[in-house]
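Encoded as structure tokens, the structure appears first; notes follow it.
The values are calculated or read from the model by the stated rules, or taken from the named source; none is laboratory data. Since the model is a prediction, treat every value here as computed from it, not as a measurement. Cβ coordinates were reconstructed from backbone atoms using ideal geometry, including for glycine residues, and neighbour counts include every protein chain displayed. When the accessible area is computed, the model is the full protein with side chains, heavy atoms only, and any ligands, DNA or RNA have been set aside. Shrake-Rupley method; radii C 1.70, N 1.55, O 1.52, S 1.80 Å.
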Amino acid sequence: MEKKYKPEIIEGKWQAKWNDSMYYFEASPDKVPYIIDTPPPYPTGDFHIGNALNWCYIDFIARYKRMRGYDVLFPQGWDCHGLPTEVKVEEIHGISRHQINKQEFRELCRQLTSVNIEQMKGMMRRLGMSIDWSKEYVTMDERYKRYTQLSFLKMYRDGLIYQAEHPVNWCPRCETAIAFAEVEYEDRDAYLNYILFRKILVGAEKKEAEYVEIATTRPELLASCVAVAVHPDDERYKSIVGKELEVPIFAHRVKVYADESVDPEFGTGVVMICTFGDRQDVRWWKLHNLPLRASIDERGRMTEIAFGYEGLSVEECKRKIIEDLDAKGLLKRQERINQNVGVCWRCKTPIEIISTRQWFVRVRKEEIINAAREIKWYPEHFRIRLENWVESMEWDWCISRQRIFSVPIPVWYCKRCGTVKVASEEAIPVDPVVTSPNTPCANCGGTEFEGEKDVLDTWMDSSLTALWAADWSFNAGSGIEFPVELRPQGHDIIRTWAFYSILRSIALTKKIPWRTILINGMVLGEDGYKMSKSRNNTISPDEVIQKHGADVFRQWAAIGGAVGSDVQFRWKDIVAASKFMQKLWSILRFSMIHLSDYKPFLNKKESFTKEKKNLRVVDKWLLSKLNKLIVSVTASMENFKFDEAMKDIRTFAWNVLADNYIELTKSRLYGRGGEEGKESAKYALHQTMKTLSVLLAPFIPFFAEEMYSYIANAKKEGEKSVHEEKWPEPDMIDSEAEQEGDLIADIVRAVRNYKSKRGIPLNAPLNKVGIYVDKEGFDTEDIENATATKVELCKSMSEISEGEIIDVDGTKVEIIR
Ligand SMILES: [Zn+2]
Ligand SMILES: [Zn+2]
């Protein structure tokens, strides 16, 4: 064995040697299944450090559970559809999606996706993920498309999917409806414009002021103004409630409503209600049953309702209207303010709320909140985030998208009467734009149809992953095991992936999707900020692996922070992890000097294992501490406390094993002091190294395999992998031996301190070490070996002569130079 640990060689060797089938789900009737609803990443081609952290957690669990005897299913899917790939394809080929036909465009998207998937798979393998590749799925494949369309049919039949004309969030640049979860909020500078609305006065009222001042950031929506509202307790405006105002420029009349939700402190305390400026407008529009005046179209252009401004963009219209208001003397003043604006998640264009005909999935809030409470959340507080989100939803989930690269909505419209015709189960997957139904219209008997052009929101695919993993059949209503055991995911997609998955599972199976959800945090840059290209603080897992290997990256992932908290990336943690690998390597190298010819089954194992009677006290001490380590690491793993598990293992290996045990037993291992002492030490060291390799296997699978191959496979035990081992069970906790061993280790340390303070070489003998200990058979052999000094046991204080007396854990130790 070389002195220096070389991860690139060892990791490369095992990656080439390992067989995928080692991690296959067995579907064994004798084992309890443990199904993981692995996230299907979006195939951008970049498996970034945040993904890597998430997958490390999953792999720790998968490997641990496998060793605990579960039949683990760790599948991997790819969530292919959606806007980013469309945009990328347009970029790469320098085309617009309108320029080529849909089939060709989809093909280009598919090609790009396939290339990206291969890249990301490479990184997953390099990181040592124990994925069951036989269960890989790709949402753009026909099988998965069929599954998504089947789920659509079922929910449509159950009345949980419907089509309606309703206001939706709309990106005018991407020209598609988007869901609430796809709206992001950004602070932007804006002007608050104080505009005069003329009162419509009759009779005696004519003495009053002629105008009402209204502040708005969106004067371009004047044409869409359908009402005005004030707070009912606002004394300033009591007289105008129920009256009418004339909208400047467009001159249509609107009524003044009293409404509790008006903020009297904002602007002048009077608000204009437009269809639609924001979500509050939608609420008011419904509540007061107001008319619809849509002045902005789907491309973000002004409609004929905004006569005089028709065809202008929103921004152009805003500028022009301000000019015109000013010219007419209707603009009192402008005030600079900071505004929180809803923008498209993909292109950051401010969204509009537009009323169009769309497909919706019913959101039954109660059901979802109740289901979320049935699921175990780690950490628990993230459940509140989901509940708050559900409570905040204003309308149902809009699932239709006016895009291309997605699963088509499997319906047609009868050309004669307009009735909706849904595809039959036998016909799907189907693209209704290409294929026609083979039965006539149920309503009028018509045989000509128009296919639905809209496609499904990509979350309609990915919200089915738990069902897919469990092989859930929509018709039979069963799968391998449902709910599945675990959903691991980031906290950034609680309101999307977690929310949609729960909703769909309840709708389709009436069950929660998973028993447990494990939420991971984000990775922050070395500067403590979110990683971003503009900050130049991004680190790729590849960079770490190139320099230090995958095991080091995985160790960092384990120890970097508690699950659920954001984890800061720090090179010094990577270096510390790397040092630990070298330390382990040195321990292994030392151990193999003594264990390379060790035959645990041929030696006197019987007498040791049965009662562990013939073991020396320091060997018992090590094994007892090892067993306590098994207990603590097991408890940590059960509670997803990977950082604590890894810390405990590090402390044991470094302090207990290397610094204390090996120092104490070196002499015995080299055979000074006879066969029996040597055998005892070899037994303890072998047990410890073997167990340690198993405990390390979930975290650093490459190193653990190398270690195990030396320790366990050295002497023809077969070519078993550490990853096929059983997780260890504690079988010996001996507190008496631990106490005695602690004392022995502390005495040796005290004597060494004594020597080093006086400049005496550590291996130089002293005249005498006397220990005042009232215990029969206190084992002095290892102290004598480690201090190179004769030890005398003294029964009482009076026997202690003229040396230096040191107190070690309450025991008096006398040292004579
Ligand atoms: Zn957009
Ligand atoms: Zn018809």
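Structure notes:
- What separates the Cα centres of the stretch 607-682 and the stretch 127-167 is a distance of 51 Å.
- What the phi angles of the stretch 267-281 give under the Karplus curve with 6.51, -1.76 and 1.60, with θ = phi - 60°, is a coupling list of x, 9, x, 10, 10, 9, 9, 10, 10, 9, x, 7, 5, 4, 4 Hz, glycine and proline written as x.
- Loop-located GluC sites (Glu not before Pro) in the stretch 698-792, at most 12 other Cβ atoms within 10 Å (DSSP): E717, E719, E776
- Cα centroid of the stretch 185-202 to Cα centroid of the stretch 29-89, whole Å: 50
- Percentage, to the nearest whole number, of Cα pairs in the chain over 44 Å apart: 46
- Taking 14 Å as the straight-line reach from the Cα of K547, the aspartates and glutamates in range (excluding those fewer than 8 positions away in the same chain) are E8, E11, D573.
- Lys/Arg +1, Asp/Glu -1 at C-beta; the stretch 110-206 dipole; positive extreme among V183, L127, G203: L127
- Inter-part distance where the stretch 221-258 and the stretch 493-563 are each reduced to a Cα centre, Å: 49
- Ranked from largest to smallest solvent-accessible area, with a 1.4 Å probe on the protein heavy atoms, R589, R218 come out as R589, R218.
- Entries in K3/K690; K572/K641; K599/K678; K572/K620; K583/K647 that, when Cα-Cα distance is taken, lie over 24 Å: K572/K620
- The count of lysine pairs in the stretch 190-316 with alpha-carbon distances below 16 Å, taking only pairs 8 or more places apart or on different chains, stands at 9.
- W497 accessible area, 1.4 Å probe, all protein chains in place, Å² to nearest 10: 0
- Restraint check, K4/K121; K13/K121; K625/K682; K453/K511; K88/K320; K579/K720, Cα-Cα greater than 23 Å: K4/K121; K453/K511; K88/K320; K579/K720
- Candidate cross-link partners of K6 among the aspartates and glutamates, defined by an alpha-carbon separation under 15 Å and a same-chain spacing of 8 or more, comprise D551, E705, E706.
- The value of relative contact order for the chain, using C-alpha pairs under 8 Å at least six residues apart, is 13 percent.
- Fraction of antiparallel bridges per DSSP, the chain only, in percent to nearest 5: 75
- Note on K421: aspartates and glutamates with a C-alpha under 17 Å away, same-chain residues under 8 apart excluded, are D158, D431, E448, E450, E452, D454.
- Positive minus negative residues near E776 (Lys, Arg vs Asp, Glu; Cβ under 13 Å): -2
- GluC sites (Glu not before Pro) restricted to DSSP loop in the stretch 387-448 with at most 10 other C-beta within 10 Å: E426
- The chain: calculated mean residue ellipticity at 222 nm from DSSP helix runs of at least 4, using -39500 (n - 2.57): -11500 deg cm²/dmol
- Given a 1.4 Å probe and the protein chains as shown, Y70 ends up with an accessible area of around 70 Å².
- As an equivalent ellipsoid, the stretch 660-817 spans semi-axes of 38, 16, 14 angstrom, where each value is the square root of five times an eigenvalue of the C-alpha gyration tensor, largest first.
- Listed residues F703, P40, I368: farthest to the positive end of the dipole of the chain (Cβ charges): F703
- Assigned charges on the beta-carbon of Lys, Arg, Asp, Glu; the chain dipole about Cα centre (debye): 1040
- At most 16 other Cβ within 10 Å, DSSP loop - chymotrypsin sites (Phe, Trp or Tyr not before Pro), the stretch 284-321: F307
- For the stretch 758-771, backbone phi angles converted through the Karplus equation (6.51, -1.76, 1.60; θ = phi - 60°) give residue-by-residue couplings of 9, x, 8, x, 4, 8, 7, x, 9, 5, 6, 10, x, 10 Hz, Gly and Pro being listed as x.
- Take the Cβ atoms of M1 and S28, set R0 to 41 Å, and the FRET efficiency comes out at 0.60.
- Stretched out straight at 0.36 nm per residue, the stretch from R362 to E543 would grow longer than its current Cα-Cα span by 60.6 nm.
- Residue-level accessible surface for F250, protein heavy atoms, 1.4 Å, Å²: 10
- Counting only alpha carbon atoms, the long axis of helix 675-696 and the longest principal axis of the chain meet at about 0°.
- Each residue of the stretch 555-570 was assigned a 3J(HN,Hα) from its phi angle through the Karplus expression (A = 6.51, B = -1.76, C = 1.60, θ = phi - 60°), giving 5, 4, 4, 5, 9, x, x, 5, 4, x, 8, 5, 10, 7, 7, 9 Hz with x at Gly and Pro.
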